[in-house]
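Okay, so here's the structure we're looking at.
Where a number appears in this text, it was derived from the coordinates with a stated rule and is not lab data. Keep in mind it's a predicted model, so treat the numbers as computed, not measured. Don't worry about glycine lacking a Cβ; one is built from the backbone with ideal geometry, like all the others, and counts go over all protein chains shown.
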Amino acid sequence: MRTLALLACAATASAVVPAASAPETRAAPPPCSEEPRENPISEFTSYDELLVELDRIERVSQGRVAVDAVGESNRGRDMVLARAGDGPKVVFVTAEIHGNEKTGPDGILDLLDYVGTSGSSEAQRIRSELTIVAMPKINPDGAALDRRGNDMTWQEVQQRFPQLAGAAEPWNYYTDQRQGDDYAHRPGFDVNRDYHPDLDYEPDPADFPGDSAAPGWFLSPETRTVRDVYTGLQREFGDVDTYIDLHHQGACYTVAGTDRLVTMSLSGKFVQDPAAQGSGYARFADGFRQDYSKQLNVAAYDSLQEAAGRNPDFGNITLYPQDIDLPGTGLGAFQLNGSGAVLFEVRGQTQTLGERHREMLTESVYIGLSGIVSAVASGEVEQLDPADYDRIPPTDRGPETGSRVDIEQ
Ligand SMILES: [Zn+2]
């Protein structure tokens with residue numbers, strides 16, 4: 001049974017109670033709410049449906065898309081990877097590391113379908129300039145449970161890494177009730193805090209319990225598989241030009257200074273500049289490309305603003321909070337390793353919105369992904385002004401607790 005959310009949202013806090021004389025036939029729409037509920041989610045692509053759909057795209061693409069299992073989740077589900085194009089630049093895209101964030105896989109399927117099957121000159125250019133490497137469900141156990149964390153106990157981790165027998169339980173290990181999900185009976189980890197910028201790191205008991213500002217440990221088969229794919233691409237291509245990770249955030253945020261609900265927030269900043277005094281990551285300073293991350297985000301933002309002409313929702317794009325330092329996220333770790341990095345934070349996880357607005361939100365992911373892929377393939381991304389990134393409107397999150405950022409990205 002789902003529990004009530006502790007967090008109220010701005011819209012409810014400031015809602016005006018309609019006058020008693022207001023005609024009942026024109027009742028105001030219900031205020032936005034972050035309260036967990038049991039909305040349907042069946043229209044999203046399930047794990048089994050994903051395998052079927054990838055197989056279909058692979059066949060229809062006539063060799064332009066290749067699909068492989070590259071690892072297994074903790075509960076033994078294949079982790080699948082699709083590769084499209086044979087160009088010299090790599091665009092690596094991952095989604096659903098939080099299993100209740102489900103527009104990413106569907107947006108990726110739409111992109112693979114287009115790049116793999118279209119005969120348009122643009123698709124041909126993308127295939128010849130880029131190698132798109134996509135992992136649409138990198139936490140398949142969490143996705144099957146429709147929850148943020150994976151399905152793994154600390155005891156399983158300690159069996160896998162005997163050196164951790166006496167280590168303190170990690171800070172990102174869930175054993176309680178959260179977001180309406182019961183981790184007490186089926187514990188799990190926030191695996192998007194399990195990455196480490198040193199990609200050959202192995203778990204060391206001295207590094208536990210850790211915290212949000214520290215790196216993770218590659219404890220999970222899920223993060224180790226993504227890490228192995230990334231380092232394999234480094235060996236093959238020299239570097240991974242672009243890394244995009246697809247997420248969801250709160251359902252009730254507004255574009256600052258307006259009452260428009262945010263469709264998606266973007267970000268290209270996940271860690272402190274490694275060249276800054278005391279960053280702790282000076283060894284990564286040479287390859288760090290903050291401006292390139294900004295340019296990639298501008299490419300996504302511009303394509304969404306262009307689409308706002310046919311649906312204003314696509315214009316409601318904001319900047320994700322920039323005062324974060326998360327080296328244990330995939331984006332933080334891979335950005336330090338020299339990738340231009342982009343975060344999509346789509347409106348509302350499944351516990352708040354279910355499949356409501358699914359088509360529009362999935363299309364916003366597709367538009368943003370397409371904008372980035374087109375700009376990188378054409379080289380136009382290099383002409384974009386990184387300062388435009390800083391002009392993306394901020395997000396108004398309303399009253400919130402200080403830990404809100406930690407439970408999203
Ligand atoms: Zn997320």
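When each of Thr254, Thr350 is scored by the number of other beta-carbon atoms lying within 10 Å, the sequence from fewest to most is Thr254, Thr350. Taken over the Cα atoms of segment 58-200, the convex hull encloses 128 Å³ per residue.
Packing around the peptides 197-206, 360-369, 339-348, taken as the average count of other Cβ atoms within 10 Å per residue, puts them in this order, highest first: 339-348, 360-369, 197-206. Normalised by the number of residues in segment 111-199, the average gap of Cα pairs under 8 Å and 6 or more apart makes the relative contact order 22 percent. Averaging the Cα positions of each part gives two centres, and for segment 329-394 and segment 85-140 these lie 13 Å apart. Around the Cα centre of the chain, unit charges on the Cβ atoms of Lys, Arg, Asp and Glu (plus for the first two, minus for the last two) sum to a dipole of about 420 debye.
What residues of segment 323-356 lie in the reach of a label at Ala168, counting those whose backbone N is under 15 Å from a point 7 Å from the Cα along Cα→Cβ? Zone members listed by number: none at all. Entry for segment 192-286 at q = 0.14, 0.17 Å⁻¹: log10 I(q)/I(0) = -0.74, -1.00, Debye formula applied to identical alpha-carbon scatterers, no solvent contribution.
Taking square-rooted eigenvalues a ≥ b ≥ c of the alpha carbon gyration tensor, is the chain rounded, prolate or oblate, where a/c under 1.5 means rounded and, failing that, a/b exceeding b/c means prolate? Judged from the Cα gyration tensor, the chain comes out rounded (a/c under 1.5). Of the residues Ala214, Ala168, Leu296, the one whose Cα sits farthest towards the positive end of the charge dipole of the chain is Leu296 (charges of +1 on Lys and Arg Cβ, -1 on Asp and Glu Cβ, taken about the Cα centre). Dipole size of segment 264-409 about its Cα centre, with +1 on Lys/Arg Cβ and -1 on Asp/Glu Cβ: approximately 240 debye, rounded to the nearest 20.
Ordered by the count of other Cβ atoms within 10 Å of each Cβ, fewest first, Glu222, Glu101, Glu129, Glu38 give Glu38, Glu129, Glu101, Glu222. The Cα-based radius of gyration and maximum Cα-Cα distance (Dmax) for segment 317-401 are 15.1, 42 Å.
Taking 0.36 nm per residue of separation and subtracting the current Cα-Cα distance, fully stretching the chain between Asp228 and His185 would add 12.4 nm. Among Asp78, Asp323, Asp181, the ranking by other beta carbons within 10 Å of each residue's beta carbon, starting with the fewest, stands as Asp323, Asp78, Asp181.
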